[in-house]
Structure formats: C-alpha cells, structure tokens
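Every number in this text was worked out from the coordinates using simple rules, so none of it is lab data. Being a predicted model, the structure only gives us computed values, none of them experimental. Please note: Cβ atoms are built from the backbone with ideal geometry, for glycine as well, and neighbour counts cover all protein chains shown.
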Amino acid sequence: MGIDFIRQYLMSISSFREDRKDWKFNGVEELILKLGVEGKTKPTKYNGYPKYCFHNCQTLCLRYHHLIYVEGYCLVHKVGIPIEHAWLFDTRYDCFIDPTIKKYECTYLGVPLPNYFIKDTLKKRKESKGAPILFDYLNNRDLLKEGISHICIVN
C-alpha cells in the first residue's frame with residue numbers, strides 16, 4: 001500500500017465527477033493527480049494538535065518562512081484509506097514533515113502552496129486558520145476553473 005493506492009483512489013473519485021470542459025480541473029482529486037508531489041515525512045520537532053492538520057500547518061508556515069504548506073491526501077498505512085490532509089515541506093532540509101500525524105507510517109500526495117497564497121486566501125475568506133484551502137468546496141471554484149499552476153510550487 002502506498003502512492004499507487006492513493007493515485008488509484010483519486011482516479012476512482014475523479015471518474016465520477018462531471019466533465020467541465022471549460023475548467024482546468026474537474027475536481028480537487030484531478031488537480032492533485034496532475035500537480036501533486038509525493039513523498040514520506042521525516043521526524044520533526046514541530047508538534048501540532050491531533051485532528052487539526054490544516055490549522056497546525058497554516059500556523060507553522062505563516063510563522064516560519066522555511067516551511068511550505070502542502071495540502072492533499074495522506075495514506076495512513078494502518079488505516080488503509082487516503083484522507084484529506086495538510087503537512088509541510090521544510091526547505092532547509094528538503095523534506096516533508098507532518099506535525100499532526102507522528103506515530104504512524106504514511107504516504108503523501110499533495111500540492112505545495114506558497115505562504116503568501118495561504119495568507120491571502122485566509123484574509124479574503126475573513127477566516128482564521130484551520131479551514132482547508134484546496135478542499136474548501138465552497139470557495140475553491142476559481143482554483144479548479146482557472147488552475148493554480150501560476151502559484152503552486154512543483155519541482
């Protein structure tokens with residue numbers, strides 16, 4: 001179980017989405033399949049609250065500029081189902097870190113988003129940290145319609 005399982009899962013969900021010919025992506029799953037970066041995490045000194053991945057990672061990336069927010073799917077091997085999740089990319093050590101899930105082996109597939117984009121998005125929504133960015137189905141229509149390749153950080 002690993003990255004292939006996540007990709008299969010996302011392709012299954014994407015196959016049920018309505019085909020929107022004038023949109024760049026039919027859904028978040030397609031966006032992540034096309035622009036997502038895969039990996040595993042390394043141990044980290046940063047600690048977050050359990051079940052608050054979006055809040056944990058938004059707080060840390062806005063506080064520490066060497067940390068980049070990543071949103072996508074995490075496969076906790078013990079659970080066996082990909083979950084919507086946020087984690088971080090540490091530019092100092094060139095690795096993913098996860099301040100929320102530390103006890104379990106996981107595989108990740110997600111889209112790194114620049115910190116200025118996180119800050120601007122939260123400001124536009126007039127929300128505090130904690131709401132997802134890509135998985136916010138009420139506010140992400142522009143991202144799916146117009147695309148995000150101009151802002152996402154993909155190597």
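For ARG20 and LYS123, compute 0.36 nm times the residue count separating them, minus their Cα-Cα distance, and round to one decimal in nm.
On the way: separation 103, 0.36 × 103 = 37.08 nm, distance 2.86 nm.
Here the answer is 34.2 nm.
With +1 on the Cβ of every Lys and Arg and -1 on the Cβ of every Asp and Glu, and nothing else charged, how large is the dipole of the chain about its Cα centre, in debye rounded to the nearest 20?
Details: 23 positive and 18 negative charges, 108 e Å.
The calculated dipole for the chain is roughly 520 debye.
Taking +1 at the Cβ of each Lys and Arg and -1 at the Cβ of each Asp and Glu, which of ASN115, HIS85, ASN140 sits farthest along the dipole of the chain towards its positive end, judged by Cα position relative to the Cα centre?
ASN115
Rounded to the nearest 0.05, what FRET efficiency do GLU38 and TYR64 give with R0 = 22 Å and r taken as the Cβ-Cβ distance? Could you check?
0.40
Which of the three applies to the chain, rounded, prolate or oblate, going by the alpha-carbon gyration tensor with a ≥ b ≥ c and a/c under 1.5 meaning rounded? Before the final figure, lay out each step's value.
Values: a/c = 1.71, a/b = 1.15, b/c = 1.49.
Note, shape of the chain comes out oblate.
Top mean-square fluctuation among LYS145, LYS103, LYS40, Gaussian network model of the chain, C-alpha springs under 10 Å?
Of the options given, LYS103 has the highest mean-square fluctuation.
For a paramagnetic label modelled at 7 Å from the Cα of MET1 toward its Cβ, which residues of region 101-132 fall within the zone defined by backbone nitrogen distances under 12 Å?
Those under the cut-off are 105-107.
Determine the equivalent ellipsoid of region 27-103 by diagonalising the alpha-carbon gyration tensor, then write out the semi-axes as square roots of 5 times the eigenvalues, largest first, rounded to whole Å. Working shown, then result.
On the way: eigenvalues 71, 46, 29 Å².
After scaling each eigenvalue by five and taking roots: 19, 15, 12 Å.
Going Cα to Cα from LYS42, which lysines come in below 16 Å? Please leave out same-chain ones fewer than 8 positions away.
LYS102, LYS103
Given R₀ = 22 Å, FRET efficiency for LEU138-SER12 by Cβ-Cβ distance, to 0.05?
0.40
GNM on the chain, C-alpha springs below 10 Å: top fluctuator among GLY110, GLY72, GLY80?
Per the Cα network of the chain with a 10 Å cutoff, GLY80 tops the list.
Within region 1-85, which GluC sites (Glu not before Pro) sit in a loop by DSSP and count at most 11 neighbouring Cβ atoms inside 10 Å?
GLU18
Of LEU31, MET11, ASN56, which is farthest on the positive side of the dipole of region 1-84, counting Cα position, with +1 on Lys and Arg Cβ, -1 on Asp and Glu Cβ, and the Cα centre as origin?
ASN56
Taking 0.36 nm per residue of sequence separation and subtracting the Cα-Cα distance, how much length would be gained by fully extending the chain between ALA131 and TYR52, in nm to one decimal?
Taking ALA131 through TYR52 to full extension adds about 27.5 nm, to one decimal.
Length gain on complete extension for the stretch GLU146 to LYS45, per 0.36 nm per residue less the alpha carbon to alpha carbon distance?
32.7 nm
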